[in-house]
Amino acid sequence: MQLGVCYYPEHWPRAQWAEDARRMFAMGIRLVRIAEFAWSVIEPEPGEFHWDWLDEAVETLHAAGLGIVLCTPTATPPKWLVDRMPDMLAVDPQGRPRGFGSRRHYCFSHAGYRSESQRISRAVAERYGQHPAVVAWQTDNEYGCHDTVLSLSESARRGFRHWLAARYTTIDALNDAWGTVFWSQVYRSFDEIDLPALTVTEAHPAHRLDWRRFASDEVVAFNREQVAILRALSPGRPVSHNFMGFFTEFDHHAVAADLDIATWDSYPLGFTQMFFLTAEEKARWARTGHPDIPAFHHDLYRGMCRGADGQGDGRWWVMEQQPGPVNWAHWNPAPHDGMVRLWTWQAFAHGAEVVSYFRWRQAPFAQEQMHTGLLRPDSSEDQGALEAAQVGAELQALAAVGVLDPQSLTALPMRPAVAMVFDYDALWMAQIQPQGADYHPLELKFRAYEGLRRLGLDVDIVPPGAELSGYRLVVLAAQPHVSPALRRALAQAVAAGAQVVLGPRTGSKSAHLAFPADEAGGPWAVLPPGPLAALAGVRVERVASLPPGCAEGIEVGGVTVTVRRWREDLALVGADTLASFNDGRPALTRNGPVRYVAGWLDADGWQAVFTGAAADAGLTAQPLPDGLRISRAGGLTLAFNFSDLARDWTPTPMATPVLGGAHLTPRSLAVWRD
Ligand code: GAL
């Protein structure tokens, strides 16, 4: 468990670097990420490399005892490169090339840019790959940030056609799979197929889904090319990439399959303002962030780099941690004192190896001059620096008394009893045909997660190919397509005694975003939940999205909760009704260990459903005090108070406090040894 920081030596006078490095070390920081946007200073003219400054920066940080996370600088291709091949620019959804002057302006499908990205990656890796200070790599920076996965470029069009030809072999197979007979869309060859954009009305959903899959594969391939270079020239150093929050434009599991460490960039206040929370939630959590936003992503990214068999503990870091106000949200409030410390500990409580702050010193110029750092622009310490130093000291103190592994501060292992399946492809399906303006599948997953966390349950967020039989409770909150492999994994989990909760629209689509076909070979489609009909004991006969205001209360386990946005009419084929709509139709059913939820639930609703399911699974699930969250990891229980009020909470009578205690003041935390 280590602290890190993102540093831009190229922004500061050389004479100050040694003092910066000394202060970092004194603050408890041991890792420094550098150079992800430094291409134009590394190679100011084509083929003319200026290494002297980077050599000196690397040596200076090394001499201060800091390890370096070095980056490939491909997120910011320099002006001379764009001018040499203007068609490397990504093309936006309106068909306009994106301009130079910010970042991420490249198109993933451009062959020329792909070879430039390999050339510059090779140059950096050749120079520093064996340097003892370089302890890890980061490829590029935040793939997809600023809506840059999908590009309407000519290169993407050509690439898409090849991708389709490789996938379908014959054009008839594609016509069949997509159902192009609808609206006379039949193609005679792959060369006739365009990107599904700028159409008069909605483009064909199967066409759009395959485009998203293709674009995701392009990100995977782009990253893989860099990883191969780094592995060859810098053997033994782990390779990472920094993913984002609430971002689903490419399949992160597929990118992570080529990485050693999944990292992500955690901006709890920015995300609270920018995503789907209600106005009331945005106000309530403005200065702490919604408690489950960091945790949701920690658990998601812990599920990424799960080792060769895909089943191990995932290595993961927070590569960028918000240190104070950011500059990019609609509103940029300041965290309450204590939050930087709390967020840092919260990441460690979910198994992070490293928490690295963005950034060391606030830049006094350019786009991000209003984004805070650990230091202010005058180089004085801001609140974030004080709190980072506090965590550094706390880690040392807990290691000194043996609560944390004194040799290596090994990250805390987690063994949650609950698994939530997270499938990017499935999210794309519901995003492409939401059928209701506010049907956001990612929010549905998040609300289900929130329901689990309010009950104090630890959660693994796992890829759709994960083994599920070790879990007591398995949740599929938003999974329209259920592959044969996922169906098998679920059946095995049920056979091993797990409880299963299925959300609305589960099993409602085929792999081509159509109704599932009849596996018995009959001429007609089958109704949802398709391949899970026998397991769930229900058939979905009709679905409806509900306009704002059309909410309905249902009673789940004695608690009245609200169904809004979506509801389904179920026929029972074996299941019992646990909760009903006002018209008497089932809203929640149970078929042995399998529950089916026939509508959109908020966190309250999910919490009520999971209260019953957790009891049936033999799990202890008690509602936590409002705003309190807990996490169990490595023989410790950690409690975090996000609320404005003090909370009193103890894990068990036997547990001993090793940091803080039973009385948690607002924004404080406690660590208990079991
Ligand atoms: C991240 C990005 C950083 C910086 C930061 C500001 O998305 O990786 O380069 O822009 O946001 O919060």
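Summary table
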item: Residue list for segment 22-56, filter: among the charged types (D, E, K, R), outside any loop (DSSP other than H, G, I, E, B) and within 16 Å of the ligand (Cβ to nearest atom); result: 33
item: Test: residue in segment 232-248 that is without any contact (Cβ under 8 Å) to a residue 40 or more places away in the chain and surrounded by 17 or more Cβ atoms within 10 Å (Cβ to Cβ); result: no
item: Residue in segment 328-362 that is surrounded by the fewest Cβ atoms within 10 Å (Cβ to Cβ), counting only those that are aromatic (Phe, Trp, Tyr) and out of contact with any Cys (no Cβ under 9 Å at 6 or more places or on another chain); result: 331
item: Flag for residue 11 being in the same structural domain as residue 128 (by TED's automatic domain parsing), within 30 Å of the chain's Cα centre (by Cα) and surrounded by fewer than 17 Cβ atoms within 10 Å (Cβ to Cβ); result: yes
item: Single condition residue 471 does not satisfy, out of (1) farther than 30 Å from residue 207 by Cβ; (2) more than 22 Å from the chain's Cα centre (by Cα); (3) of a type outside the set (D, E, K, R); result: (2)
item: Condition check for residue 324: within 14 Å of the ligand (Cβ to nearest atom), buried (at least 17 other Cβ atoms within 10 Å of the Cβ) and part of a loop (DSSP other than H, G, I, E, B); result: yes
item: Complete set of residues in segment 407-455 that are within 22 Å of residue 546 (Cα to Cα) and in a loop (DSSP other than H, G, I, E, B); result: 433, 434, 435, 436, 437, 438, 439, 440
item: Filter result for residue 443 (of a type in the set (Asp, Glu), under 22 Å from the mean Cα position of the chain (by Cα) and surrounded by fewer than 23 Cβ atoms within 10 Å (Cβ to Cβ)); result: yes
item: Residue list for segment 271-316, restricted to those being within 16 Å of the ligand (Cβ to nearest atom), out of contact with any strand residue (DSSP E or B) (no Cβ under 6 Å at 6 or more places or on another chain) and closer than 16 Å to residue 344 by Cα; result: 289, 293
item: Failed item, numbered, when residue 142 is tested on (1) touching a helix residue (DSSP H, G or I) at 6+ places or on another chain (Cβ under 9 Å); (2) part of a loop (DSSP other than H, G, I, E, B); (3) acidic (Asp, Glu); result: (1)
item: Qualifying positions in segment 560-592 - under 21 Å from residue 453 (Cα atoms) and not polar (S, T, N, Q); result: 561, 563, 588
item: Residues within segment 374-406 that are in contact with an Asp or Glu (Cβ under 9 Å, 6 or more places away or on another chain), polar (S, T, N, Q) and part of a helix (DSSP H, G or I), tallied; result: 1
item: Residue list for segment 89-115, filter: more than 28 Å from the chain's Cα centre (by Cα) and among the charged types (D, E, K, R); result: 96
item: Any chance residue 336 is farther than 30 Å from residue 135 by Cα and either part of a loop (DSSP other than H, G, I, E, B) or within 16 Å of the ligand (Cβ to nearest atom) (or both); result: yes
item: Selected residue (criterion: farthest from the ligand (Cβ to nearest atom)) from residues of segment 225-253 that are within 17 Å of residue 106 (Cα to Cα) and of a type in the set (D, E, K, R); result: 225
item: Counted residues, segment 100-126 - those being without any contact (Cβ under 8 Å) to a residue 60 or more places away in the chain, assigned to a helix (DSSP H, G or I) and not hydroxyl-bearing (Ser, Thr, Tyr); result: 4
item: Among (1) within 27 Å of the chain's Cα centre (by Cα); (2) among the small types (Gly, Ala, Ser); (3) over 23 Å from residue 130 (Cβ atoms), the one test that residue 40 misses; result: (1)
item: Any hit, segment 657-673, residues being touching a residue at least 60 places away in the same chain (Cβ under 8 Å), closer than 25 Å to residue 442 by Cβ and in contact with an Asp or Glu (Cβ under 7 Å, 6 or more places away or on another chain); result: no
item: Qualifying position, being out of contact with any Lys or Arg (no Cβ under 8 Å at 6 or more places or on another chain) and buried (at least 23 other Cβ atoms within 10 Å of the Cβ), among 500, 475, 494; result: 475
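The values are calculated or read from the model by the stated rules, or taken from the named source; none is laboratory data. Only a predicted model underlies this, so the values are computations on that prediction, with no experimental measurement involved. Neighbour counts run over all protein chains shown; Cβ positions are idealised from the backbone, glycine included.
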